[in-house]
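What follows is calculated from the coordinates using simple rules that are stated; it is not laboratory data. Computed from a prediction, not measured in an experiment: that's the story for all the values here. Methodologically, a virtual Cβ is constructed for each residue, glycine included, from the backbone with ideal geometry; neighbour enumeration extends over all protein chains shown.
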Amino acid sequence: MAGQARAAVAVSGAHHSSWNREVRPLAEGSGTVRALAKWDGAIEYRDDVTRTLREMFEKAGRGSAASELEQYRDALGVVLHENVHLLAARGTSHGMGSEAFREGAVSALEEGVTEAYKRIALDVYIDELGLERIAPGLKSVRADRSYPQYVPAAEVFAAAVGRRVDLAGNEVLRRLAVVNCEDKFRVAAELVYQASELPDLVPQQHRAVAIDRIVTGMKEPFAKIADFDPDDPLDIRMSPLAGAQADRAGYQQVRELTAFWQANQDLRKTLDIGLDRGARGPSAANSRNTNQATGRGANGRLARGDQSHCRPIERD
Ligand SMILES: [Zn+2]
């Protein structure tokens, strides 16, 4: 399985994988955990996952029963899931998210997106690794049983954000999957920010704070599902609701920010007109306004009044 990380990068279009080329057996006593993408970039697989895949290769090319194919697909899904965790954007790594992952909302979105994206991408991953030849029928079975308490939330969240920004939900999931856990909410928040009026209203130096506010709105519903139980049918039924709420809460912040910066801009215009009137009389106010977009006077140079709104008004 040397190509496991390369194939995950190829399928997802990620910048790189943080895999450090180490595969280790998962320590005994890890409960229901079947694999781990360690913060140092190693992957640990539980014995049954490795054994199932070894068996698949040993029986290469020979037909398998549907129940066996399901087991192979399930084990392969674990491999892709861990490799999706390791995907990272340029200048970042999987390990950089270790602190952020302690936050319930972050880990819930991380696992939800990683597993949801695994479900979307597994057939392409199988093709990329040429595994349908090894186990014919591998793409005709389904085996998706991990994180049922987070996957619906992630899917609904991605679809709802996608509708706002004119992207397919699967594409939103892909964009979240290729960045580490610390960046996932920010990528979603930046999508809705960019598709709103905010880029025209918010001064560049306030952009990051505005996006942080959208992130905070989106996180709350995911924080509430962090301790959901994968074996509780009620929790599983409530999961999609959290995704819808996260989208709405994020957008509520967009609305509030738009109202704030709109009012701020109106105030600035009023102040500008008032200051110009004071300095140059009523007719100057109109010409100042016309040139507001460029911030320059009629002759293309900075006019005397142009900087007045950038500085505190001093009285002497
Ligand atoms: Zn995981």
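Just want the answer: with Cβ charges of +1 for Lys and Arg and -1 for Asp and Glu, which residue in 158, 275, 244 is farthest toward the dipole's positive end in the chain? So the residue furthest toward the plus end is 275.
Charges only on Cβ, +1 for Lys and Arg, -1 for Asp and Glu: so what's the dipole of the chain about the Cα centre, in debye to the nearest 20? Could the numbers behind the result be given before it?
Values: 42 positive and 45 negative charges, 284 e Å.
Dipole about the Cα centre, nearest 20: 1360 debye.
Using a Gaussian network model of the chain in which every pair of alpha carbons under 10 angstrom is joined by a spring, one finds that among 57, 101, 222 the greatest mean-square fluctuation is at 57. In summary, no lysines lie within cross-link reach of residue 269, defined as a Cα separation below 19 angstrom excluding same-chain residues under 8 places away.
Per residue of the chain, the DSSP helices (runs of n ≥ 4 H) give a summed -39500 (n - 2.57) that works out to -19500 deg cm²/dmol at 222 nm.
Take the chain, connect every pair of alpha-carbon atoms lying under 10 Å apart with a spring to form a Gaussian network, then pick out the residue of 209, 78, 106 with the largest mean-square fluctuation. Its mean-square fluctuation being the largest, the pick is 209.
Shape analysis of the stretch 160-205 places it in the oblate category; the axes a ≥ b ≥ c from the Cα gyration tensor give an a/c of at least 1.5, with a/b not above b/c. For the chain, pairs of C-alpha atoms spaced more than 25 angstrom apart make up 58 percent of the total. Cα gyration tensor of the stretch 102-193, axes a ≥ b ≥ c as square roots of the eigenvalues: rounded (a/c below 1.5), prolate (a/b > b/c) or oblate? It is prolate, given that a/c is not under 1.5 and a/b is the larger ratio. If R0 is 51 Å, the Cβ-Cβ spacing of residue 133 and residue 248 corresponds to a FRET efficiency of close to 0.65.
Between residue 197 and residue 21, what length in nm is gained on full extension when 0.36 nm per residue of separation is reduced by their alpha carbon distance?
Net length gain for the segment: 58.9 nm.
Listing 56, 96 from fewest to most neighbouring C-beta atoms within 10 Å gives 96, 56. Ordering 85, 15 by the number of other Cβ atoms within 10 Å of each residue's own Cβ, fewest first, gives 15, 85.
Using DSSP, restrict attention to beta bridges with both residues in the stretch 4-259 and report what percent are antiparallel, rounded to the nearest 5.
Values: 5 of 8 bridges.
If I count the DSSP bridges inside the stretch 4-259, around 60 percent turn out antiparallel.
Under the rule a/c < 1.5 gives rounded, and otherwise a/b versus b/c splits prolate from oblate, where does the stretch 1-131 land using the Cα gyration tensor? Cα axes put the stretch 1-131 in the prolate bin. The order of 132, 110, going from fewest to most other C-beta atoms within 10 Å of their C-beta, is 132, 110.
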